[in-house]
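Written below as structure tokens is the structure these notes are about.
Throughout, read-outs are computed from the coordinates displayed, never taken from laboratory work. Just so it is clear, the model here is predicted, and its values are computed rather than measured. Note that we place each Cβ from the backbone using ideal geometry, even for glycine, and neighbour counts take in every protein chain shown.
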Amino acid sequence: MAKSGLMGRGGAVLAVIALAAAGFVAQAWARGRDTAPILAKPEQREREATALRIYNTPELQEQLRIAKSLFAASPLAQDPDARATIDRASEALALSAAYHAANSDAARPFIFWGTNAAHNWMGLDVPSSGYGLDSPDNIYRSATIDGSGKYVVRGTVHGNPPTQETFVVYRGLPGVPGSMNSEGHMDELAGISTDTMVTDAKGNFTFTIDADPANGRVNHLQVPRELDGMMLVVRDSLADWSRELPHDLTIERIDRPDPMPAPHSEKDMIATAVNALSFNVPFWLNWFENYVHQKPLNDVPTPWKRVQGWGMTQQGRFSLKEGEAWVITVDPVGAKFFDFQISDPWTKAVEYVGKTGSFNASQASS
């Protein structure tokens, strides 16, 4: 699928993503063409503001201090590039934990845009978030659902849709007890993509999520009834940033819990964020040290298939001396979408707004 040759100082990580990937796009910040905001919704602002308050609490800042000390104690921190990016990577993880907490109400779900570049919008100044080789080519969104609930997700096309959009239900956040499968990956419970959905003539769609079989329903995801706090993760993969826009998405819980639980208190959300970060960091450090950084340098490994079949992924490492370049030739083998991206040694995407941090098929030279 790929071949490479060394021709150009390193310690950074190279991500290889084929058939599906991970992003950010300028138009998607605010509005679709001739329509209301796709991403800049009042509920989005409310949750980002809540997450920023959680992030700045003494409780989460103390857990962040612990996280930074764990990063600093890692053998990887002996590398100058890794030492220089500890704060950046750990702070992005902490904000991601705050995002998770702020959008954790399964009785009042909202499809929230997290894992993105630093941004200033709707009166908020928001730092960068993300982890695990977050890709510039994906708009990452998520909602929290319970197995006892019945949910409807609706997607509306504005202009040109993303090359691919996938919806995957995960058991929980990375590293949190019970969220991983036997191979150490996030446990994927169900999934669907726009490639396989039944849509209307414009590409708009509806799908359902609950614990019952489809029983004739099209576009249905069946999830375990006994599980609460599952994550519906959405990836809009954008191959052409100048044309494509993410779908406008809504999620509705159509059954009403009885009794209807009270909204989560900020105290509870702080505890959720602290707990998430306390488990995330050891998980990711183990993955960095015992998986990613065990791979040979300057090599493109064979991709592995995602559990729900929505794409393939792989990670590798590179280290280049002054004046060297690494030339990689890829055969897309029919993939609608693929990309290469680079990250820091902790697998946080490099800054990609003011400089190039990735190439997808439409950007790379043939």
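Order these peptides, 169-175, 278-284, by their mean beta-carbon neighbour count within 10 angstrom, highest first.
Result, highest mean first: 169-175, 278-284.
Past 22 Å, Cα to Cα, is the threshold; run K305/K355; K68/K321; K150/K202; K202/K336 against it and keep the listed order.
Violating the 22 Å limit, Cα to Cα: K305/K355; K68/K321; K150/K202.
Among the DSSP beta bridges whose two residues both lie in the range 27-289, what percent are antiparallel, rounded to the nearest 5?
Counting DSSP beta bridges with both partners in the range 27-289, the antiparallel share is about 90 percent.
What's the long-distance tail for the range 107-250, i.e. % of Cα pairs beyond 19 Å?
Within the range 107-250, distances greater than 19 Å cover 55 percent of Cα pairs.
Going out from 0 in 5 Å bins, what whole percent of all Cα-Cα distances in the range 210-366 drops into each bin?
Pair shares across the bins are 1, 5, 9, 14, 16, 15, 13, 12, 8, 4, 2, 1, 0, 0.
Can you tell me the relative contact order of the range 207-284? Whole percent, Cα pairs under 8 Å, sequence separation 6 or more.
Rounded, it is 14 percent for the range 207-284.
Translational diffusion coefficient, Stokes-Einstein: compute it for the range 188-300 using the Kirkwood radius over C-alpha pairs as Rh, at 37 °C and 0.692 mPa s, and state it as an integer in µm² s⁻¹.
175 µm²/s
Return the distance in nm (one decimal) between the two label points of a simple spin-label model at S265 and V307, each offset 7 Å from Cα along Cα→Cβ.
Each label point is offset 7 Å from its Cα along the Cβ direction, giving 3.4 nm.
What relative contact order, as a whole-number percentage, does the range 27-289 give when Cα pairs under 8 Å and 6 or more residues apart are counted?
About 26 percent, as a whole number.
Calculated from DSSP H runs of 4 or more alone, at -39500 (n - 2.57) each and per residue, what is the 222 nm mean residue ellipticity of the chain, nearest 500?
-7000 deg cm²/dmol
Quick one: plug the Kirkwood hydrodynamic radius of the range 283-340 (C-alpha pairs) into Stokes-Einstein at 10 °C, 1.306 mPa s, and report D in µm²/s.
117 µm²/s
On alpha-carbon atoms, Rg over Rh for the range 246-336 using Kirkwood Rh?
1.15
Can you sort D125, D87 so the residue with the fewest Cβ neighbours within 10 Å comes first?
Lowest count first: D125, D87.
Along the charge dipole of the range 27-289, Cβ charges K/R +1 and D/E -1, which of N56, S90, S237 sits furthest on the positive end?
My answer, from the dipole projection, is N56.
Where the centre of each part is set by its Cα atoms, how far does the range 82-130 sit from the range 267-335, in angstrom?
Going from one Cα centre to the other spans 19 Å.
From the C-alpha coordinates alone, can you work out the Kirkwood hydrodynamic radius of the range 83-132, in Å?
11.9 Å
For the range 176-218, what percent of Cα pairs sit more than 16 Å apart?
When every Cα pair of the range 176-218 is considered, 56 percent fall beyond 16 Å.
When only C-alpha pairs under 8 Å and at least 6 residues apart count, what is the relative contact order of the range 246-340, in percent?
17 percent
Which semi-axis lengths, in whole Å and largest first, follow from the square roots of five times the eigenvalues of the Cα gyration tensor of the chain?
Equivalent ellipsoid semi-axes, largest first: 31, 25, 20 Å.
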